[in-house]
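As structure tokens, the structure follows; a few thoughts come after it.
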Amino acid sequence: MLLLPSSKFSRLALSVVGLLAVLLFAAIEGIRSPATRELFSDLLQGALLLWAAYCSAHVARNSSRYLRQLWTLLASALFLGTAGQALGIYYQSFVHAPRLTPWPSDVLFVLWVMPAIMMLVPRPARRSARIDWLQVLDFAQVGIVALTAYLYFFMFLRVGKRRGRR
């Protein structure tokens, strides 16, 4: 069962998105202090991501079979993006970590696309109520490769450059 555009939730979802978009525009245009503008902008972007993730999860609950899987994967990707945004806000605005150093949020920003990529995996020919372990292992493999590439290129190479300068 899919939600009709005229449902109460659809109107609420559009209203919240509209409100958040207006607030984001007002924050960008109205706040003069760069640090405050950046903080409010980041917070509102995180709120938009979180709302999109919640809406995707809501639609997934009301969908059936394959569409449920697709909406769940999209919600997972958006929740990872939200977590990355929250960590980025923390490290930028509260820890005041240098911008050119790797932050833990970078891992989530690299990995958030994994569930979205999994949406492109072809639909299985057979339908089964059991867990498709081959697809779970494919998903884990993509995650391991992405995490390894991130750790190698961003963390270890940067640490190696720091040691070479001493």
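The values are calculated or read from the model by the stated rules, or taken from the named source; none is laboratory data. Predicted model, so just to flag it, every value in this text is computed and none were measured. Ideal geometry is used to build each Cβ from the backbone, glycine not excepted, and the neighbour counts take in all protein chains shown. Each accessible area value is taken on the protein alone, full model and side chains, heavy atoms only, with ligands, DNA and RNA left out. Shrake-Rupley method; radii C 1.70, N 1.55, O 1.52, S 1.80 Å.
At a glance:
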| read-out | value |
| --- | --- |
| Normalised per residue, the volume of the convex hull around the Cα set of the range 11-93 (Å³) | 69 Å³ |
| Probe 1.4 Å - accessible area at Ile144, Å² to nearest ten | 110 Å² |
| Accessible surface ranking that places the most exposed of Arg32, Arg68, Arg61 first, with a 1.4 angstrom probe | Arg32, Arg61, Arg68 |
| Extent along principal axes [Cα atoms of the range 53-102; Å; largest to smallest] | 46, 16, 7 |
| Heavy atoms of Glu38: accessible area, 1.4 Å probe, square angstrom to 10 | 70 Å² |
| Karplus (6.51, -1.76, 1.60) ³J(HN,Hα), θ = phi - 60°, over the range 51-56, in Hz, Gly and Pro reported as x | 5, 5, 5, 5, 4, 5 |
| For the range 38-154, alpha-carbon Rg relative to the globular expectation (2.2 N^0.38 Å, N residues) | 1.22 |
| Highest average packing first - 9-21, 81-93, Cβ atoms within 10 Å | 81-93, 9-21 |
| Accessible carbon and sulfur surface of the range 11-133 relative to its total accessible area, %, 1.4 Å | 70 percent |
